[in-house]
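This report refers to the structure that appears directly beneath it.
No value in this document is a laboratory result; all are computed from the given coordinates. Computed from a prediction, not measured in an experiment: that's the story for all the values here. Note that we place each Cβ from the backbone using ideal geometry, even for glycine, and neighbour counts take in every protein chain shown.
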Amino acid sequence: MNKRVIGFISNLSILISLASLPAHSATKAGAKCTKIGIKSVVGEKTFTCIKSGKKLIWNKGALINPKPSPAPYQDSTSVKIDSIRNDAIKNSSTDSSSHVFIFQNGASQEIESKTKRSLLNAVPIYNKLGFNTTDSLILVARDMDWLKTELGNNNCFNPNPIPDRPGFYFGGRTCKNGNGAVTSYHWESEKFSDGLDGLYFNHVIPHEYFHQIQQQLISYRGGEYPKWFWEGSAQFFTNQAWTTWNPKRTYIEWYNYWWGDLRPDLGPTACKNATIDYMSDPSNSGTESVCAYSKGQLIVEYLVSKYGLDKYRSLYTSNMDPNWRNFKIVFRQVTGEELSDFYIEAQEFMTKRGW
């Protein structure tokens, strides 16, 4: 056999040997590499050789021309709300209110400061948005027996029955100079899923304090408004306050996170059959009624974006009738439009938002 044939066979053997090497020699995430720091470009990614334990492997790779992250979803309504909130933040705060917290059996320094933080951060925002912020009493309870006793100790009396767990606003002209009392869960008794710094725990006190603001706006006590308006307002303005000191998400992103991740039981699927009419009557119960918190927040968002904060506040101050059904009359007086027409528009808006 001549040398040329021998050489050809030798080269062929080498090629066959290379073809039979294991797949890990290819440049891909997790495959073996030979020297820390070397790079290899494959397709749209640049892979870097790194040390993992005792092995040298290719990392996950980085896109050479990464696509920009999509912009947060916005529509004309959310843009208007962002404008209202951002303009308000520029205002100077005239708030001079004081807030007394009473913790059942005390609390650690961290829990106490972080419990107070949610309200102390929210009140100046409420004030900048044009609401009169007043002194408050906040009772942070581990159980209802203590809470009932503490309400009595602070002259908080109300003929209506109170809820069976903390996390409500307790009205009453004899309580805290007529301001009422805000009640909340103690962190040690109700550890929410997203933690001490999360929206779940931090929304409770600002929400209930906004009910105190609502009571200060109306000329009577003990009356009722449509449930979507009363509870949806507390949710909406609490979310505005939260967004200002938690800007890592936009208002609409926090809304979707709240009702999608934290409370899907009141999200779009659970509330798809909750009509505005059903969510209006405060005496109605069941999931459809509780959707007044989530879908009600959307209705209030649309209302504020369309009519502005001045007319929103006038829906309280112009109302002289404690019957929630009178709201349609006040609505016509304040906006010049029929409430039934607004409901049609609000429903179209909620449908566009996936509700």
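Counted over the chain, the DSSP beta bridges are approximately 60% antiparallel. Net charge around Trp258, counting only other residues with Cβ within less than 11 Å of its Cβ (Lys, Arg = +1; Asp, Glu = -1)? Net of charged neighbours comes to -1. Residues of segment 247-262 with an amide N closer than 19 Å to a point placed 7 Å from the Cα of Ser93 along the Cα-to-Cβ direction: 247-248. Across the cross-link table entries Lys148/Lys191; Lys90/Lys116; Lys248/Lys272; Lys80/Lys128; Lys90/Lys295, which are compared at the Cα atoms, the separations over 19 Å belong to Lys148/Lys191; Lys90/Lys116; Lys248/Lys272; Lys90/Lys295.
With neighbours defined as other Cβ atoms within 10 Å of a residue's Cβ, the residues Phe210, Phe349, Phe157 order from fewest to most as Phe157, Phe349, Phe210.
Shown is the FRET efficiency for Glu110 and Trp245, computed with R0 = 22 Å from the Cβ-Cβ distance and rounded to the nearest 0.05: 0.80. Exposure proxy shown here: for Phe331, Phe342, Phe192, the number of other Cβ atoms within 10 Å sets the order, fewest to most, as Phe192, Phe342, Phe331. Taking 12 Å as the cut-off, the amide N atoms of segment 109-125 that come nearer than this to a point 7 Å along the Cα-to-beta-carbon line of Gln216 belong to 123-125. At full extension, Glu337 and Lys28 could sit 104.9 nm farther apart than now, given 0.36 nm per residue minus the alpha carbon distance.
Stretching Glu253 away from Asp145 to a fully extended chain increases their span by 35.1 nm, per 0.36 nm per residue minus the current alpha-carbon distance. Between Ile102 and Asp310, the contour length at 0.36 nm per residue exceeds the alpha carbon distance by 71.4 nm. Dipole check for the chain: with +1 at the C-beta of Lys and Arg, -1 at the C-beta of Asp and Glu, and the Cα centre as origin, the magnitude is about 2620 Debye.
Here His99, His207 are placed in order of increasing Cβ neighbour count within 10 Å, fewest first, which gives His99, His207.
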